[in-house]
Amino acid sequence: MVIDFHVHTGLKLYPGSMPWVLDLIDQFKHQNRIGETRGSDGEIDPHLFLALLDSVGIDYAVIVSEYFQLDLVAEFCSVSERLIPFANLNPHIIGHPAREVEHRYKQGYKGLKFLPTYHHFYPNDNLLYPYYAAAQDLGMPLMFHIGSSIFPETRMKYGDPIYLDDVACDFRGCPVIMAHSGRGFWYDACFFLSRHHPNIYLDLTGLPPRNLLKYFPDLEKNPDKLLFGTDWPASPGFSYIIDGIKSLGLKPETMDKILGGNAARLLGIGVKT
């Protein structure tokens, strides 16, 4: 089983107010094959997207959303259980955290995504704890952007993984996923935290596959905490990343866990029928 734990859905996720993201997607337009997924309206069609997943051997994809298009992503993912939505919540603009989390859960969302570096908050701020408590009660994993970003308006101090130490301790029943695994200069800290806490995981999205053993030389000592992700369509494409991971010479059991086994366990996914 192969599960991409970090996918976006295209132009509706990146309106004209964010041209730098559109430029990044355009940079990879030939490798990511985004043109094959567009319907007559120019937007990503879920059925065409599923066909692309089939062509590259991906069984499931976690679709992460922006807050302003949560309804669109819920609709997009409703066509197939293979599309698993994670709701991006901005704590600065939500008045009733528990109510919001419950609403998104009922809408079909399976997890929550937070962007500390973009929305400017520390993950252990008490402002966030009602979200975490509600997610833990509902069995929804928590995903955080941890590490650097090339986009304007970000503040990297909020991407320091140390603040997830409190979150992991205070919500031991909730999986905590570090998207991008400290990209830039927090690789060691993220790796240590994932080994120290039973509920912290490393999402390898955005890291060149050829460099994974450079960033994490003891990677094979932590096989149960690693998740494969692509950041599609802002990436060189599904096959490029999958093939890159397969070329590392890892043990077959480690490879299986990274590409889907760990994600399936986290998400409660059985064998595809």
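The values are calculated or read from the model by the stated rules, or taken from the named source; none is laboratory data. All figures in this text were calculated on a predicted structure; none of them were measured in a lab. Here Cβ is always computed from backbone atoms with ideal geometry, including for glycine, and neighbour counts include all displayed protein chains.
Miscellaneous remarks
- Test: residue in the stretch 70-87 that is among the polar types (S, T, N, Q) and surrounded by 14 or more Cβ atoms within 10 Å (Cβ to Cβ): yes
- Residue, nearest to the chain's Cα centre (by Cα), within the stretch 259-273, restricted to residues that are not aliphatic (A, V, I, L, M) and not in a helix (DSSP H, G or I): G268
- In the stretch 113-132, the residues that are on the phi > 0 side of the Ramachandran plot form Cβ pairs under 6 Å with partners that are outside any helix (DSSP H, G or I), at six or more places apart or across chains, as follows: H120/R155.
- In the condition set (1) modelled with pLDDT under 90; (2) more than 23 Å from A135 (Cβ to Cβ); (3) surrounded by fewer than 15 Cβ atoms within 10 Å (Cβ to Cβ), L24 is compliant with all but (3).
- Residues of the stretch 183-204 that are under 14 Å from M143 (Cβ atoms) and either assigned to a loop (DSSP other than H, G, I, E, B) or of a type in the set (D, E, K, R) (or both): N199, D203, L204.
- For the residues I63, I84, I58, the requirement of being closer than 21 Å to F228 by Cβ, part of a loop (DSSP other than H, G, I, E, B), in contact with a strand residue (DSSP E or B) (Cβ under 9 Å, 6 or more places away or on another chain) and at pLDDT 95 or above singles out I58.
- Restricting attention to the stretch 205-258, the residues that are in a loop (DSSP other than H, G, I, E, B) and among the β-branched types (V, I, T) add up to 2.
- M156 in contact with a strand residue (DSSP E or B) (Cβ under 7 Å, 6 or more places away or on another chain) and under 25 Å from T230 (Cα atoms): no
- Some residue of the stretch 42-63 being touching a helix residue (DSSP H, G or I) at 6+ places or on another chain (Cβ under 7 Å) and closer than 29 Å to Y122 by Cα: yes
- For the stretch 110-130, the criterion of a residue being among the aromatic types (F, W, Y), in contact with a strand residue (DSSP E or B) (Cβ under 9 Å, 6 or more places away or on another chain) and closer than 23 Å to G260 by Cβ is satisfied by no position.
- When the stretch 220-255 is filtered for residues that are surrounded by 16 or more Cβ atoms within 10 Å (Cβ to Cβ) and of a type in the set (D, E), only D231 remains.
- Test: S181 is of a type outside the set (K, R) and buried (at least 17 other Cβ atoms within 10 Å of the Cβ): yes
- Only residues that are small (G, A, S) and assigned to a loop (DSSP other than H, G, I, E, B) were counted in the stretch 113-159, giving 3.
- If you go through the stretch 165-178 and keep only what is more than 16 Å from the chain's Cα centre (by Cα) and either in a helix (DSSP H, G or I) or surrounded by 17 or more Cβ atoms within 10 Å (Cβ to Cβ) (or both), you end up with D165, D166, V167, A168, C169, D170, F171.
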